[in-house]
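Participant: I'd like to ask some things about the structure below.
The values are calculated or read from the model by the stated rules, or taken from the named source; none is laboratory data. Quick caveat: nothing in here was measured; it's all calculated off a predicted structure. Every residue, glycine among them, receives a Cβ derived from its backbone with ideal geometry; neighbour counts consider all protein chains shown.
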Amino acid sequence: MNNSIDKITFKNLLATTTREKEDSYVVNELFSRYPSIQELLDVTEEELLQVKGIGNVKAKQIIAALQLARMNPCPVEERFTIRSPEDAYDYLKDMQYLNQEHFVVLGLNTKNQIIFRETVFVGSLNASVVHPRECFKHLVRRSCASAIVAHNHPSGDVSPSMEDINVTKRLGEAGKMMGIEILDHLVIGHEKYVSLKEKGYL
């Protein structure tokens, strides 16, 4: 079974479980937040409750359905592995089309494979709004070994601002205290990016 069929099957499974249409807000929002099969399989009940339209009963139904899916012998797609800043950019390059700044966290396991992708903030980036707590609560919950953070510049210019640098340093220090290393912070523009790790800010 190839990945495209897997996703169609999963969409049907979620729609049936939630008694929603396959193109409903709830189903589309789940696939938007968790675009890969592996991310869906790893989702927690607490995370499901953050989705508008999903209450306690529906969340438990989805978790039960995902548990059944885990026992299915059909292969699912492999986790995406980050070996370089370019790999991270390839995974996140869809952010270049966003009209607002989005701050995203990628949680990684010990093999640098992506466990999850989470948008933790939307709006102008500054150190007061991108609080380490918002980033690390997701990383701790999923027992991540490390993380990569990224945000986009809708202007297309990837030159890091002082706020970008301050946020990077703050998260890097918090990561050392938490034992979850921030491997990089990418600034994503139109068909290009900058690694603040390579710039020496991490």
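Participant: Could you run through region 31-58 and say how many residues are modelled with pLDDT of 85 or more, closer than 16 Å to Glu118 by Cα and in a helix (DSSP H, G or I)?
Facilitator: Selection size over region 31-58: 4.
Participant: Still on this model: Spot the failing condition for Arg83; the list is (1) at pLDDT 85 or above; (2) within 30 Å of Glu191 (Cβ to Cβ); (3) assigned to a helix (DSSP H, G or I), and only one is missed.
Facilitator: Condition not satisfied by Arg83: (3).
Participant: Still on this model: Consider region 17-30. How many of its residues are surrounded by fewer than 19 Cβ atoms within 10 Å (Cβ to Cβ), modelled with pLDDT under 80 and assigned to a helix (DSSP H, G or I)?
Facilitator: Residues flagged as surrounded by fewer than 19 Cβ atoms within 10 Å (Cβ to Cβ), modelled with pLDDT under 80 and assigned to a helix (DSSP H, G or I) within region 17-30 amount to 1.
Participant: Specify the residue that is modelled with the lowest pLDDT; the eligible residues are those in region 86-118 that are among the hydroxyl-bearing types (Ser, Thr, Tyr) and more than 21 Å from Ile165 (Cβ to Cβ). Break it down stepwise before answering.
Facilitator: To start, the set of residues in region 86-118 that are among the hydroxyl-bearing types (Ser, Thr, Tyr) comprises 89, 91, 97, 110.
Imposing the further condition that a residue be more than 21 Å from Ile165 (Cβ to Cβ) reduces the set to 91, 97, 110.
Values: Tyr91: 92, Tyr97: 88, Thr110: 94.
If we take residues in region 86-118 being among the hydroxyl-bearing types (Ser, Thr, Tyr) and more than 21 Å from Ile165 (Cβ to Cβ), then Tyr97 is modelled with the lowest pLDDT.
Participant: Please return the ranges of strands (runs of 3 or more DSSP E) entirely within region 104-202 where 3 or more residues are buried (at least 18 other Cβ atoms within 10 Å of the Cβ) and in contact with a Pro (Cβ under 9 Å, 6 or more places away or on another chain).
Facilitator: Numbers: elements: 114-122, 146-152, 181-189, 192-195.
Ranges flagged: 181-189, 192-195.
Participant: Please verify whether region 97-117 includes one or more residues that are hydroxyl-bearing (Ser, Thr, Tyr) and touching a residue at least 40 places away in the same chain (Cβ under 8 Å).
Facilitator: Kept after step one, since they are hydroxyl-bearing (Ser, Thr, Tyr), are these residues of region 97-117: 97, 110.
Then keep just the ones that are touching a residue at least 40 places away in the same chain (Cβ under 8 Å); that gives none.
No: region 97-117 contains no residue that is hydroxyl-bearing (Ser, Thr, Tyr) and touching a residue at least 40 places away in the same chain (Cβ under 8 Å).
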